[in-house]
Amino acid sequence: MTSTGTSMDLIPAPRAVDGPSRSGFLPDRGTTLYAGPGTESTERWLRSTLGAALGLPLAPGEERAENSLTLLIDNTLEPEAYRLGVVRSRGVEIRGGSGAGVFWGAQTLRQLLGAEAFRSAPVSPERTHGIPHQVIEDAPRFPWRGLMLDVSRHFLPKGDVLRYLDLLAAHKLNVFHFHLTDDQGWRIEIKRYPRLTDIGAWRARTKYGHRASELWDERPHGGYYTQDDIREIVAYAAERHITVVPEIDIPGHSQAAIAAYPELGNTDVVDTTTLSVWDNWGINPNVLAPTDTTLRFYEGVLEELLGLFPSAFVHIGGDECPKDQWKASPAAQARIKELGLADEDELQSWFIRHFDTWLSGRGRRLIGWDEILEGGLAPGAAVSSWRGYAGGIAAAEAGHDVVMCPEQQVYLDHRQHGGADEPMPIGYVRTLEDVYRFEPVPPSLSPEAAAHILGTQANVWTEVMQDRSRVDYQVFPRLAAFAEVAWSALPAPAERDFEDFERRMNAHYARLDALGVGYRPPGGPLPWQKRPAPEGMTGSIGRPIEGAPPNV
């Protein structure tokens, strides 16, 4: 086998390529498709997506027939690994260690067939783009390769969510972290608590830009997904071997829920009946009250949630929970004393531990942002390390599983360039190369602790992303670099061949064009993508983290 990446345009780069030769295989209308047991989802995807793009019926055929595509499970391979072989006369054979491995091999096949394979219908009557005779051996570095999409700050319609699942699949990402609730909106129907969406899904207006901006969008904003919408999203993701991990925020970031059900708030220090869904950004002081009423309410929410999401993990938030109301609340202070807790940090830990136990009793696992480390971490909980690497390092060294998603490296809402034309520039400047040099596993970790790094995800917070086009601009092309970091066995950051990645991106931009992705061009924003920040807001407004390295 030869080393990967130097002679091909695949993203993410595969582990090894044997070949390619100049001659190869050109699928045509006579090409058949054989799908062995366990590969049915890839069979359906090939006909509906690749077949539609190229105008090929891909009729059912015999295993290893001439002029065919063959899909097989091979138990000698790792679960998500695949081997794609191209033989000049016979066609293409994809073997995977599981149905997922076969599907990732099909994604590679799509890239090999050229940008036309990323369209929704044929654009030319005759195709000349064949697949070179070669063998590609590939497998992912991490089992958790994710994207977190916030639909609370700005709601994305269901069709846009389904589109993003397709974009994740095209980049071999397999976890969709669905941020469904926050101060600015509750986005999932809970039948026993209808006011969560009747009231909590809508806000009267929206801050335009960063929270320091003086501008407002005075139009009402909102929306939510019905339970049937959620079932559809989960099923659509499963067909693409993507796990949907839902997030419900507890105990902070909860003003939308409190606006709908005021008894959830700290009623002895705040008149919660006056609260509405928040129209601004930042850290909100209105947090959940530590009462049995609150526990029973969220148990009811989670009971319905577990019926909709089969994922092993449920994300409980746990971040940015100010303690001022608990400090001032006689009821909260009595609860601290009753439970024998030391302080308000331990009260937050009590919240998290309660739901960790509750979820564990139902065969699920809690995951939360790294603030859940404060006051003591629930024994079975996993950590999403967002405030740099420190939380993830501490959690991994203590034997907890970790998803690395540090703000300084993989928050894709942060700007891609320091220029004044970047639309509503916030946060750190993180270029395509910066993301490509991100390393999820800190070198300081012991081998035992490093084994607890489940993987990594990029996070997309939508305060300044009002619609799909803005999300596209922030996410792409950086998600392509992130996908290679999550999938490929890359060398240390300083040794990575970014020039080769940029060369391969030239082909990948054509794929993104065919998919209709409004990415940031390498030369900067196009005229209609420019949306300068309000006066005085062109500098970095990210919150620096003490001791955070620019890259590991």
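The values are calculated or read from the model by the stated rules, or taken from the named source; none is laboratory data. In this text the structure is predicted, and so the values were computed from the model without any measurement. Please note: Cβ atoms are built from the backbone with ideal geometry, for glycine as well, and neighbour counts cover all protein chains shown.
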| message | Among the listed residues A458, A480, A494, A486, identify the single one that is modelled with pLDDT of 95 or more, assigned to a helix (DSSP H, G or I), under 30 Å from L112 (Cα atoms) and touching a strand residue (DSSP E or B) at 6+ places or on another chain (Cβ under 6 Å). | response | A486
| said: Being over 27 Å from the mean Cα position of the chain (by Cα), closer than 25 Å to E137 by Cβ and assigned by TED's automatic domain parsing to the domain that holds A115 is true for just one of L50, L46, L71, L56. Which residue is that? | reply: L71
| query | Across region 74-96, what is the number of residues that are among the aliphatic types (A, V, I, L, M) and closer than 23 Å to W144 by Cα? | reply | 4
| note | In region 28-74, residues that are of a type in the set (A, V, I, L, M) and part of a helix (DSSP H, G or I) total 5
| When you look at E439, is it in contact with a helix residue (DSSP H, G or I) (Cβ under 9 Å, 6 or more places away or on another chain), of a type in the set (D, E, K, R), in the same structural domain as P310 (by TED's automatic domain parsing) and more than 30 Å from G265 (Cα to Cα), yes or no? | yes
| request: Tell me, please, whether a residue that is modelled with pLDDT of 95 or more, touching an Asp or Glu at 6+ places or on another chain (Cβ under 6 Å) and either under 30 Å from G518 (Cα atoms) or among the hydroxyl-bearing types (S, T, Y) (or both) can be found in region 117-128. | output: no
| message | Among (1) buried (at least 22 other Cβ atoms within 10 Å of the Cβ); (2) in contact with a Gly (Cβ under 7 Å, 6 or more places away or on another chain), there is one condition T181 misses while meeting the rest; what is its number? | response | (2)
| field | Failed item in (1) under 21 Å from the mean Cα position of the chain (by Cα); (2) in a loop (DSSP other than H, G, I, E, B); (3) among the charged types (D, E, K, R), with D472 passing the rest | value | (2)
| task | Return a yes/no flag: does region 90-111 have any residue that is surrounded by fewer than 17 Cβ atoms within 10 Å (Cβ to Cβ) and part of a strand (DSSP E or B). | result | no
| said: Looking at region 126-153, I want the residues that are closer than 17 Å to P12 by Cα and have a partner that is at pLDDT 95 or above and among the acidic types (D, E) with Cβ atoms under 7 Å, at least 6 apart or on another chain. Which pairs are those? | reply: A139/E78; A139/E80; P140/E80
| task | Mind listing just one residue for me: the one in region 75-89 that is out of contact with any Phe, Trp or Tyr (no Cβ under 7 Å at 6 or more places or on another chain), at pLDDT 95 or above and outside any strand (DSSP E or B) and, of those, nearest to P12 (Cα to Cα)? | result | A81
| task | Just give me the residues in region 178-198 being touching a Ser or Thr at 6+ places or on another chain (Cβ under 8 Å) and not in a loop (DSSP other than H, G, I, E, B), in sequence order. | result | H179, T181, D182, G185, W186, I188
| So which residues in region 430-486 are hydroxyl-bearing (S, T, Y) and surrounded by fewer than 21 Cβ atoms within 10 Å (Cβ to Cβ), if there are any at all? | T431, S444, S446, S469
| query | Within region 298-326, restricting attention to residues that are out of contact with any helix residue (DSSP H, G or I) (no Cβ under 6 Å at 6 or more places or on another chain) and farther than 30 Å from A238 by Cβ, which residue is surrounded by the fewest Cβ atoms within 10 Å (Cβ to Cβ)? | reply | D324
| How many residues are exposed (fewer than 15 other Cβ atoms within 10 Å of the Cβ) and within 30 Å of A16 (Cα to Cα) when one looks only at region 121-142? | 1
